[in-house]
There are 2 protein chains.
Amino acid sequence: MKKYSNLSAMELSLEYENVLKQYNEYKSMGLKLDLSRGKPNSDQLDISLPLLSEARPREKCFSINGVDCRNYGVLDGIPEMKQLFADMLGIKTEYITVGGNSSLQLMYDTLARAMLFGVLGSRRPWCKEEVKKWICVTPGYDRHFKMTELFGFELISVPMTPTGPDMDMVEAIVKDPTVKGIWCVPKYSNPSGNTYSDETVRRLAAMECAAPDFRIMWDNAYAVHNFKGECDELLDIFTEAEKCGTLDRIFYFASTSKITFPGGGVAMLAASSANLNHISQFLGVQTIGYDKLNQLRHTTYFKNKEALDNHMKILAEFIGRKFDITLSALNKLKGLDIAEWSEPSGGYFVNLNVMPGTAKRVYKLMQEAGVTLTAVGATYPYGVDPMDSNLRIAPTYPTDDEVALATEILVCTVKLAALESYLNK
Amino acid sequence: MKKYSNLSAMELSLEYENVLKQYNEYKSMGLKLDLSRGKPNSDQLDISLPLLSEARPREKCFSINGVDCRNYGVLDGIPEMKQLFADMLGIKTEYITVGGNSSLQLMYDTLARAMLFGVLGSRRPWCKEEVKKWICVTPGYDRHFKMTELFGFELISVPMTPTGPDMDMVEAIVKDPTVKGIWCVPKYSNPSGNTYSDETVRRLAAMECAAPDFRIMWDNAYAVHNFKGECDELLDIFTEAEKCGTLDRIFYFASTSKITFPGGGVAMLAASSANLNHISQFLGVQTIGYDKLNQLRHTTYFKNKEALDNHMKILAEFIGRKFDITLSALNKLKGLDIAEWSEPSGGYFVNLNVMPGTAKRVYKLMQEAGVTLTAVGATYPYGVDPMDSNLRIAPTYPTDDEVALATEILVCTVKLAALESYLNK
């Protein structure tokens, strides 16, 4: 197939008729499919069922340091859960504090605390700052952006590149003392799938920030979530920050949500001892401790890093299949010059850029054919994609057959929207 | 034994020598006991072990409305967990939103949200109020007081009476528009053990508050926690508030922490639909949902209200024994006119008022004999008991034998401190 841009008016009309016919066939099927949600399907969750099948008599309710996990207490998590996270992420146990079932909630909580009381080094609570800004790497994770929007930050977009955020831009922006932080998904980034290069991590650790209380929100959500070949290597930002004396800059998040159960996993925040000390005075008022029994469930199931790795290999096979299906569909767009997409080896998303000005149209066409996509613009601050071009494709939730059908329809609608645009329909 | 106040100097000296001798014997035992913590001991927690012994295959991972509880989603909890709380508390399911493992955390979260965004009816976020005040019923729960202190409220003490807070005072105080709320533990109150009378509940619902965004933080922590005879009856504040058109005034909290596992229970917030709607816009940014698997564990174990009642009867026997031991020790102080104490039929505490000016001394004597008490003043705002008289006794955590010994020592130190005071030692 030739590039659409090289087609004659006649050829475009012919192609349009063909694609429209195909689209109408899909439409007549009365489908109800969903490519919008970065969540596992129930079959994938079955892989983690052993976590729920073990009876827990009294003697198995105690942590390795003798704490009765059924009772109150232990704000920062049981030692074996810290160890599991440390092994999983290659960071020190002393930086880790274990939370509840949601890292997103820990992020919200961390920012809410900063708003109310400031962070270590703040001159005043962030809610007292007249102007405050936040860097959003785009396309990025809509829930991150909404959070800082809710807290009243002015959101500054910085484009994602294959090696991470455009660091020249970031380094320039952080010279503004009202810029308080940046959202980062450093590995298998949501939605681009890219992993930050060593240089990017080093520059983030080393950069000169005008705000004394600048924070990097390091959401390492997909640390062990590769599904193709070798896992990407992400440089440890703590090690780099230690070298630069900027350790307090890092708030590091992760969870087992997409390892075991999104609704019943374990989350963590890691930060310097100085940061953790600062936080603990508030945390002690806030809670008597998170669910330690669920921590025990996880450490009983994942006896060591090897067990975790083996588990992730099984997930990889399962998830990889859905990505293969998606990419083999998208390959049918090759050569048409109307779309580009990522071919990630990890994470939960394929990042699809369609012809500028047609993303919303694709969304609508998909919706009318019964396939839900992530809302266009969701991957940008304030929900606005300036190019109307970016679509986040999430193939994990539907079954394999559903992914196959939904992505076939996607290919059809991407073509249709482009043809409509060329033909000014 | 005569009242100490009626003893001659000689008699006082003699009694002092006797009590001191006994105290020194206790001291020489090198004990390490703890009456400070309102938490169950491990034997009590064993009663709830069936909750952890059931395997959960895939087909048992779904809520009654078909939600896969292992996955993301459902911000407000599964229907059967709402029903369990509704049955337990006698409130409507539509008011209920289920949280994580800690009602304290829901309270913090509710206040943090009010600070950052205000509540329904607020003219501005509470953090923007130059002066803001909060009513604390004393003696009361230290963690409540610390929370409002942390958020910068000026704390106003109102004394607890056998029927609840002194309502004449409360009604006068809420005429001040800077007074934003009140902490209430309405049933088996911490630490007095009293339950609010019908009249108190009605007056709280009906009172005229100058602040348009006044809130009652209704912490019904001990709703089903009686251990002697019939359960106290607490009037439903929602029903009363509905009649008065003040429904939005109520934030109602409860949990299963002291029913099943303090570290792995389920908590809830109940509020009017208008309040819940207002909150949901923030909650949706804050989390993708709490742990629904733990909700399922609870509703599997407590199939209905009857199962819950039976469970509480077993706990009552267990806990009641520790209170019997405590009260039979305290009875040895009867007639001496140096102490008064509550004889609760539910909750987790005995409230002990010793001779004014001697509570800190009792604490110190106990500490030196190896028995930890709750810090004196903890039950008052800012940690200061103006009379130096109130001690919160928590008999649930130690074993029966330990409670017996620790309360014997308590009786001895209460006498000793009083005698020291009479003799100006």
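Numbers for the structure displayed
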| item | result |
| --- | --- |
| Residue count for the stretch B:358-393, restricted to those that are out of contact with any strand residue (DSSP E or B) (no Cβ under 8 Å at 6 or more places or on another chain), buried (at least 20 other Cβ atoms within 10 Å of the Cβ) and hydrophobic (A, V, I, L, M, F, W, C) | 2 |
| Conditions (1) closer than 24 Å to B:A223 by Cα; (2) out of contact with any Phe, Trp or Tyr (no Cβ under 9 Å at 6 or more places or on another chain); (3) of a type outside the set (D, E, K, R); number of the one not met by B:S8 | (1) |
| Of residues in the stretch A:68-85 being within 12 Å of chain B (Cβ to nearest Cβ) and in contact with a helix residue (DSSP H, G or I) (Cβ under 7 Å, 6 or more places away or on another chain), the one surrounded by the most Cβ atoms within 10 Å (Cβ to Cβ) | A:R70 |
| Count - residues of the stretch A:32-43 that are away from every other protein chain (no Cβ under 14 Å), part of a loop (DSSP other than H, G, I, E, B) and buried (at least 16 other Cβ atoms within 10 Å of the Cβ) | 1 |
| Every residue from the stretch A:107-140 that is part of a helix (DSSP H, G or I) and either of a type in the set (D, E) or not assigned by TED's automatic domain parsing to the domain that holds A:F214 (or both) | A:D109 |
| Those residues of the stretch A:90-106 which are over 22 Å from A:L293 (Cα atoms) and in a helix (DSSP H, G or I), in sequence order | none |
| The stretch A:179-229, subset in a helix (DSSP H, G or I) and of a type in the set (A, V, I, L, M), residue farthest from A:F253 (Cα to Cα) | A:A206 |
| Qualifying residue in the stretch B:20-30 (condition: farther than 30 Å from B:D142 by Cβ, touching a residue at least 40 places away in the same chain (Cβ under 8 Å), more than 11 Å from every other protein chain (Cβ to nearest Cβ) and not β-branched (V, I, T)) | yes |
| Filter result for B:A112 (at the interface with chain A (Cβ under 9 Å from one of its Cβ atoms) and either modelled with pLDDT of 95 or more or out of contact with any Pro (no Cβ under 9 Å at 6 or more places or on another chain) (or both)) | yes |
| Among (1) at the interface with another protein chain (Cβ under 10 Å from one of its Cβ atoms); (2) of a type in the set (A, V, I, L, M); (3) under 24 Å from B:L247 (Cβ atoms); (4) under 21 Å from the mean Cα position of the chain (by Cα) - the single one B:I91 does not satisfy | (1) |
| Complete set of residues in the stretch B:61-111 that are on the phi > 0 side of the Ramachandran plot and free of Cβ contacts under 8 Å to residues at least 60 places away in the same chain | B:G66 |
| Any hit, the stretch B:218-234, residues being under 20 Å from B:L84 (Cβ atoms), in contact with a helix residue (DSSP H, G or I) (Cβ under 8 Å, 6 or more places away or on another chain) and within 14 Å of chain A (Cβ to nearest Cβ) | yes |
| Listing of helices (runs of 4 or more DSSP H) fully contained in the stretch B:256-363 that carry 2 or more residues being touching a helix residue (DSSP H, G or I) at 6+ places or on another chain (Cβ under 7 Å), assigned by TED's automatic domain parsing to the domain that holds B:V384 and under 30 Å from B:K425 (Cβ atoms) | B:305-330 |
| Hey, A:L247 buried (at least 19 other Cβ atoms within 10 Å of the Cβ), more than 10 Å from every other protein chain (Cβ to nearest Cβ) and without any contact (Cβ under 8 Å) to a residue 60 or more places away in the chain or not | yes |
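The values are calculated or read from the model by the stated rules, or taken from the named source; none is laboratory data. Here the structure is a predicted model, which is why all the values come from computation and not from measurement. Every residue, glycine as well, gets a Cβ built from its backbone with ideal geometry; the counts of neighbours run over all protein chains shown.
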